[in-house]
1. For the pair residue 98/residue 86, report the inter-label distance in nm, with labels modelled 7 Å from Cα in the Cβ direction.
2. Under the Kirkwood approximation applied to all pairs of distinct alpha-carbon atoms, what is the hydrodynamic radius of the stretch 27-85 in Å?
3. Taking the Cβ of residue 2 as the centre, find all other residues whose Cβ is under 12 Å away and add up their charges (Lys, Arg: +1; Asp, Glu: -1).
4. Where both residues lie in the chain, what percent of DSSP beta bridges are antiparallel, nearest 5?
5. Tell me, what is the percent relative contact order of the chain, built from C-alpha pairs under 8 Å that lie six or more residues apart?
6. Within the set of other residues whose C-beta is less than 10 Å from the C-beta of residue 32, count the net charge using Lys and Arg as +1 and Asp and Glu as -1.
7. Would you calculate the volume per residue, in Å³, of the smallest convex hull containing every Cα atom of the chain?
8. Between beta-carbons, use under 15 Å as the cut-off and find the net charge around residue 105, counting Lys and Arg +1, Asp and Glu -1.
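Coordinate-derived values only; no laboratory data. The model shown is predicted, which means the values in this text are computed figures rather than measured ones. Cβ placement follows ideal geometry from the backbone for every residue including glycine, while neighbour counts extend to all protein chains displayed.
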Amino acid sequence: QVQLVESGGGLVQAGGSLRLSCAASSSIASINLMAWYRQAPGKQRESVASITGGGTANYADSVKGRFTISRDDAKNTVYLQMNGLMPEDTGVYYCYMRKVLRSYWGQGTQVTISS
């Protein structure tokens, strides 16, 4: 069983930055996909950014140019650098991993952006 632990959330003002981290309990070198999702109050969970095993990154249109997903295989950690934060970025951010046809979720970290 793989465990994913997110950290780095918090309260920041609009225009600010945060970096989220997702530490995996096992190697991420052979993943199929790792991704960040978010869920705002009263809304469905949505994909924000993803990175494939080959290193290809994809982003939701709403965060393109502001967020960057990256990975450090030596630390078994995936990051989400978030710049130019806006109130609509508020939500719980979840880390997701797909590896060997199995899926795993972290417990989430709260991100709140004040206007």
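1. Distance between the two pseudo-spin positions: 2.8 nm.
2. 12.1
3. Result for the local shell: +3.
4. Counting DSSP beta bridges with both partners in the chain, the antiparallel share is about 90 percent.
5. Once divided by the residue count of the chain, the mean separation gives 36 percent.
6. It works out to a net charge of +3.
7. Measuring per residue, one finds 93 Å³ for the Cα hull of the chain.
8. Within the 15 Å Cβ shell, the charges total +3.
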